[in-house]
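Below is one structure; the comments refer to it alone.
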Amino acid sequence: MASETTAPGSAGALASGGGHQVAGVRVPVRSAGSELRAIKVVWKRELIRFSRDRLRILTSLMQPFLFLFVLGTGLSRLASAGTHGVNLRTFVYPGVLCMAVMFTAMFSAASLVWDREFGFLREMMVAPVRRSSLVLGKCFGGATVAGFQGVIVLCLAGLVGVPYSAILIIEVFALQLLLAFAITAFGVMVAARITQMQSFMALMQMAIMPMYFLSGALFPVSGLPQWLEILNRLDPLTYAVDPMRRAVFAHLDISAAARRALDPGVTWWSWHVPGLVEAAVVALLGLAMLGIAIVEFGRAE
């Protein structure tokens, strides 16, 4: 029997040498619209996953509340001599804002490991879109989720003596989004090669906790021992905590002595680093880690 042929990819194609009807497969042509749609889908998936997990929202707020109201209140009397009359909770508030963003962004990146274990990541990888679009969607989604979590802590500003100022809220929120993007990109870069959640969480804790404690989130960065000062300047998180604290302290009515002691700023060889330069450091590190994550996902699976 002569075989009937049709155009490749048509739904009515017949198998050669037989009469079995098979469905054609048409792979969509890649375009800017399809890539943007892929980014949007991955971004929206992160938002849906976060909104449906109320327990995750509550548990991710526990550490900021503990540091802000339990640790801050408990150590206020002990640290009152060195804060020049400024409440310790007010001083640690910028660091707590960074904490809320960091851990939420880290858990958003951790979901990639779950997706790999359950096979969903492989389905995403075979989609007819660039893997860079998937990574971008993941990073944007993690940054959005972490930024929303940071807004919740931002609403507590009045309880620790920080005024509600529109300019302050905009500045801090922009810095939170920048930090959230950088931390999510770091997490995605790490998750590109890790197959077990236990290994990922151990590695992230080993990296995140030292970064947090060395950043000056809980202590002023002036007058430190030389070895601690060097580690503080090498810590990327320092350049997110310092401009955030600078923005908060700019709206506080405190003495000049308290401002010099608690908000000295970061210096490089006696040069006082501007806040915009610090934000640029965080942005460049985030873009660098995003690029590494894209390369790693291009090699993975």
Go through the residues of the range 58-78 one by one and say whether even a single one is at pLDDT 65 or above, hydroxyl-bearing (Ser, Thr, Tyr), touching a Pro at 6+ places or on another chain (Cβ under 7 Å) and in a helix (DSSP H, G or I).
no
Of Ala127, Ala192, the only residue that is at pLDDT below 85, touching an Asp or Glu at 6+ places or on another chain (Cβ under 9 Å) and among the small types (Gly, Ala, Ser) is Ala192
Output yes when any residue across the range 170-179 is in contact (Cβ under 8 Å) with a residue 12 or more places away in the chain, of a type in the set (D, E, K, R) and closer than 27 Å to Val86 by Cα, and no when none is.
yes
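Based on this model, can you work out whether Leu168 counts as touching a Leu at 6+ places or on another chain (Cβ under 6 Å) and on the phi < 0 side of the Ramachandran plot?
Details: touching a Leu at 6+ places or on another chain (Cβ under 6 Å): no; on the phi < 0 side of the Ramachandran plot: yes.
Against the criterion (touching a Leu at 6+ places or on another chain (Cβ under 6 Å) and on the phi < 0 side of the Ramachandran plot), Leu168 does not qualify.
How many residues are outside any loop (DSSP other than H, G, I, E, B) and at pLDDT 70 or above if we restrict to the range 79-94? If you could, list the steps in order and put the result at the bottom.
First, the residues of the range 79-94 that are outside any loop (DSSP other than H, G, I, E, B): 79, 88-94.
From the residues that got through so far, the ones that are at pLDDT 70 or above too are 88-94.
Total meeting the criteria: 7.
Any chance the range 48-57 includes a residue that's surrounded by fewer than 20 Cβ atoms within 10 Å (Cβ to Cβ), touching a residue at least 60 places away in the same chain (Cβ under 8 Å), β-branched (Val, Ile, Thr) and not in a loop (DSSP other than H, G, I, E, B)? Reasoning before the result, please.
From the range 48-57, those surrounded by fewer than 20 Cβ atoms within 10 Å (Cβ to Cβ) are 48-49, 51-57; that's our starting set.
From the residues that got through so far, the ones that are touching a residue at least 60 places away in the same chain (Cβ under 8 Å) too are 49, 57.
Remaining after also requiring β-branched (Val, Ile, Thr): 57.
Cutting the leftovers down to not in a loop (DSSP other than H, G, I, E, B) gives us 57.
Taking every residue of the range 48-57 in turn, at least one turns out to be surrounded by fewer than 20 Cβ atoms within 10 Å (Cβ to Cβ), touching a residue at least 60 places away in the same chain (Cβ under 8 Å), β-branched (Val, Ile, Thr) and not in a loop (DSSP other than H, G, I, E, B).
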Could you grab me the full set of residues in the range 33-63 that are of a type outside the set (D, E, K, R) and within 16 Å of the chain's Cα centre (by Cα)?
Val42, Trp43, Leu47, Phe50, Ile57, Ser60, Leu61
Does Ala191 fit the bill of being in contact (Cβ under 8 Å) with a residue 24 or more places away in the chain and in contact with a helix residue (DSSP H, G or I) (Cβ under 8 Å, 6 or more places away or on another chain)?
yes
So Arg245, is it more than 26 Å from the chain's Cα centre (by Cα) and either assigned to a helix (DSSP H, G or I) or modelled with pLDDT of 90 or more (or both)
no
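Based on what the data block shows, is Ala256 within 16 Å of the chain's Cα centre (by Cα) and without any contact (Cβ under 8 Å) to a residue 40 or more places away in the chain? Walk me through it before giving the result.
Working: within 16 Å of the chain's Cα centre (by Cα): no; without any contact (Cβ under 8 Å) to a residue 40 or more places away in the chain: yes.
Considered against the rule, which asks whether it is within 16 Å of the chain's Cα centre (by Cα) and without any contact (Cβ under 8 Å) to a residue 40 or more places away in the chain, Ala256 comes out as no.
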Given the options Val221, Val281, name the one that is of a type in the set (Val, Ile, Thr) and either under 23 Å from the mean Cα position of the chain (by Cα) or outside the structural domain of Gly95 (by TED's automatic domain parsing) (or both).
Val281
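The values are calculated or read from the model by the stated rules, or taken from the named source; none is laboratory data. Keep in mind that what you see is a predicted model, and the values were worked out from it rather than measured. As a convention, Cβ positions derive from the backbone with ideal geometry for all residues, glycine included, and neighbour counts pool all protein chains shown.
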